[in-house]
1. Is one or more of the residues making up region 96-108 of a type in the set (Gly, Ala, Ser), assigned to a helix (DSSP H, G or I) and more than 18 Å from the chain's Cα centre (by Cα)?
2. Restricted to region 116-148, and to residues that are aliphatic (A, V, I, L, M) and either free of Cβ contacts under 8 Å to residues at least 24 places away in the same chain or touching an Asp or Glu at 6+ places or on another chain (Cβ under 6 Å) (or both), which residue is nearest to residue 35 (Cα to Cα)?
3. What number of residues within region 53-84 satisfy the criterion of being without any contact (Cβ under 8 Å) to a residue 12 or more places away in the chain and hydrophobic (A, V, I, L, M, F, W, C)?
4. Looking at region 74-95, which of its residues are charged (D, E, K, R), assigned to a helix (DSSP H, G or I) and under 22 Å from residue 29 (Cα atoms)?
5. List pairs: first residue in region 85-112 and farther than 22 Å from residue 171 by Cα, second residue of a type in the set (A, V, I, L, M) anywhere in the structure, Cβ distance under 7 angstrom, at least six positions apart or on different chains.
6. If you check every pair at least six apart or on different chains, which have Cβ atoms under 9 Å apart with a residue in region 10-35 that is part of a loop (DSSP other than H, G, I, E, B) first and a residue that is crowded, with 16+ Cβ neighbours inside 10 Å and of a type in the set (Phe, Trp, Tyr) second?
7. Checking residue 77 against (1) of a type in the set (Asp, Glu); (2) surrounded by 16 or more Cβ atoms within 10 Å (Cβ to Cβ); (3) more than 11 Å from the chain's Cα centre (by Cα), which test does it fail?
8. Determine if region 17-33 includes at least one residue that is small (Gly, Ala, Ser), buried (at least 16 other Cβ atoms within 10 Å of the Cβ) and at pLDDT 95 or above.
Amino acid sequence: MGSIATRTGDQGTTSLIYGQRVAKDHPRIEAVGRFDELNAALGLAKCAQGNAALTAPLEAIQRDLVNLMGELAAADEDQQRYLDSKFGHVTPAELARVDAQIAELEATPIVFRGWATPGSTPAAAALDWARVTARRAERQLVSMRGAGLSVRDLLLQFVNRVSDLLWLLARKAEKD
């Protein structure tokens, strides 16, 4: 493996997936960064869990985020090329999986009163941190659309549901 320090970004630019150079504050790069933060927050939440049943959904979401970040790193004109490629991407199956996990948790007796106040347990606090990080990433997707960039509806739906799932997992962690 070569050096991680390529020096190609020393002037404040980076490459999108098919080689186009853009500023490091380009909305697509900003979105990839926000989802990278979410991936790291999920890693922290996994470490805070003592329950394998809570870590499995987090690991699945982390795998989905790698695919989502790849798609976000493709320029608008390369979106279809990316979706047609060998690279993974978020599909309705991933959204259905998260929806099923939400339904399963909502069928259990999770108790909360009013607005949740994070910090009851380290595990719950880590999940709440991941949730707010997901919401920040979601807002970046909305900003991309506002700037006229292409974002599939499915990506917005997926990250919205992930945020909901993380909220439920945090409440479950408080209970457990």
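The values are calculated or read from the model by the stated rules, or taken from the named source; none is laboratory data. Computed from a predicted model, the values in this text were never measured in an experiment. Because the Cβ atoms are built from the backbone with ideal geometry, glycine has one as well, and the counts that use them run over all protein chains shown.
1. Yes, region 96-108 contains a residue that is of a type in the set (Gly, Ala, Ser), assigned to a helix (DSSP H, G or I) and more than 18 Å from the chain's Cα centre (by Cα).
2. Pass one, region 116-148, residues aliphatic (A, V, I, L, M): 116, 123-127, 130, 132, 134, 137, 141-142, 144, 147.
Then drop every residue that is not either free of Cβ contacts under 8 Å to residues at least 24 places away in the same chain or touching an Asp or Glu at 6+ places or on another chain (Cβ under 6 Å) (or both), which leaves 124, 132, 142.
Details: 124: 20, 132: 12, 142: 13 Å.
Restricting to residues being aliphatic (A, V, I, L, M) and either free of Cβ contacts under 8 Å to residues at least 24 places away in the same chain or touching an Asp or Glu at 6+ places or on another chain (Cβ under 6 Å) (or both), the top hit is 132.
3. Qualifying residue count for the region: 2.
4. From region 74-95, those charged (D, E, K, R) are 76-78, 81, 84, 86, 94; that's our starting set.
The next check asks that each one be assigned to a helix (DSSP H, G or I); those that pass are 76-78, 81, 84, 94.
Residues satisfying the conditions are 76, 77, 78, 81, 84.
5. Pairs that qualify, where the first residue is farther than 22 Å from residue 171 by Cα and the partner is of a type in the set (A, V, I, L, M), are 89/83; 90/68; 90/154; 90/155; 92/154.
6. 17/82; 18/82
7. (2)
8. Step one: filter region 17-33 for residues small (Gly, Ala, Ser), giving 19, 23, 31, 33.
When the remaining residues are screened for being buried (at least 16 other Cβ atoms within 10 Å of the Cβ), the result is 31, 33.
When the remaining residues are screened for being at pLDDT 95 or above, the result is 31, 33.
Taking every residue of region 17-33 in turn, at least one turns out to be small (Gly, Ala, Ser), buried (at least 16 other Cβ atoms within 10 Å of the Cβ) and at pLDDT 95 or above.
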